[in-house]
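Notes to accompany the following structure.
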Amino acid sequence: MPISRPVIGFWRGAWLRVEGHWTWYRRYWTSNIYSSGLQPVLFLAAMGLGFGSQVEPGAATGGLSYLHYVAPAMLVAGAMQYAVGESSYPVLSGFKWQKDYIAVTATPITPGQLLGGQLLWVALRLLLTGMVYALVALAFGAWLNAGAVLVVLVGVLTGVACAAPVMAMAASTFDEGQRFASLFRFVVMPMTLFAGTFFPVEQIPVALRPLAWISPLWHGNELARGATLGGLDPLPALGHLAYLAAVFLAGTLVARHWFYKRLMV
């Protein structure tokens, strides 16, 4: 007779996974304080204050200083990069190397709850690092108004929108993860450079602009700048939100399929 396992609610099961991550993180948070907190801030200082001091306010920056122009987009770009990093090799490790996903799903937690917990944890980490970035950027004078709070939320949304499809990619990877090197080199880096983070996409060749428009980062950058600099109408804002939500939903559905396929026996 098969042994029945007690059923727990979806959110309770997902949150148990988050608690597991938190148990580890609160002991070792100092080991990644640079990558998750200081690195984006130092990059902001270099680009916003260093290089930005050589950029005169003009039409490209909406008449604002380069620091004000670039600060919200750099928060979103940092969130995207962190989310992709946490959703690639660490997720593959759960299946292939550490194999802790197998241990987790041997309990009443289902693969779907495990996936939900991973996404929740990434979102919480993005919220934490975004708040740290926003506070330090405030000391730099990078914010014009309280819209910086919305920028942090936009960073979380953009990050999880990128995390979900990358988790699907990791769950469907059976080798040593060589494809992630291509992902970082040919997707993440070009997206960071050419999706409106440092300059408007109108300044790149017309033939290449659609590549920027289909990237989640461009939509996040537009929302972030609209939240703190203004100039974004409600209808375009809803379009950006809908696009990010669609990418997140599609990525989550594909990831869920692969999580169940690899973990259900």
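Being closer than 21 Å to Gly78 by Cβ and of a type in the set (Val, Ile, Thr): is that true of Thr192 here?
Taking the combined requirement at face value, the residue satisfies it.
Just to verify a result, which residue in segment 97-106, among those that are in a loop (DSSP other than H, G, I, E, B) and free of Cβ contacts under 8 Å to residues at least 60 places away in the same chain, is least open to solvent (accessible area, probe 1.4 Å)?
That would be Ala106.
Could you check segment 47-84 and list, in sequence order, the residues that are of a type outside the set (Val, Ile, Thr) and free of Cβ contacts under 8 Å to residues at least 40 places away in the same chain?
Gly50, Phe51, Gly52, Ser53, Gln54, Glu56, Pro57, Gly58, Ala59, Gly63, Ser65, Tyr66
Restricting the search to segment 121-151, which residues are crowded, with 24+ Cβ neighbours inside 10 Å and under 16 Å from Leu241 (Cα atoms)?
Val151
Which residues, counting only those in segment 219-265, are hydroxyl-bearing (Ser, Thr, Tyr) and under 30 Å from Gln113 (Cα atoms)?
Hits for segment 219-265 are Tyr243, Thr252, Tyr260.
If I filter segment 53-80 down to residues being in a helix (DSSP H, G or I) and either farther than 26 Å from Cys162 by Cβ or touching a strand residue (DSSP E or B) at 6+ places or on another chain (Cβ under 9 Å) (or both), which single residue comes out as modelled with the lowest pLDDT?
Only one residue tops the list, namely Ser53.
Name every residue in segment 48-89 that is buried (at least 18 other Cβ atoms within 10 Å of the Cβ) and more than 26 Å from His240 (Cα to Cα), in order of residue number.
Gly52, Val55
Going by what's in this entry, would Gly112 be described as part of a loop (DSSP other than H, G, I, E, B) and more than 15 Å from the chain's Cα centre (by Cα)?
No; evaluated as a whole, the condition is false for this residue.
Return the total of residues in segment 155-173 being in contact with an Asp or Glu (Cβ under 9 Å, 6 or more places away or on another chain) and open to solvent by 20 Å² or more (accessible area, probe 1.4 Å).
Going through segment 155-173 one residue at a time, the tally reaches 0.
The values are calculated or read from the model by the stated rules, or taken from the named source; none is laboratory data. Just so it is clear, the structure is predicted and the values come from calculations on it, not from any experiment. Note that each Cβ is placed from the backbone with ideal geometry, even for glycine, and that neighbours are counted across all protein chains shown. The accessibility values were calculated without ligands, DNA or RNA, using every heavy atom of the protein model including side chains. Shrake-Rupley method; radii C 1.70, N 1.55, O 1.52, S 1.80 Å.
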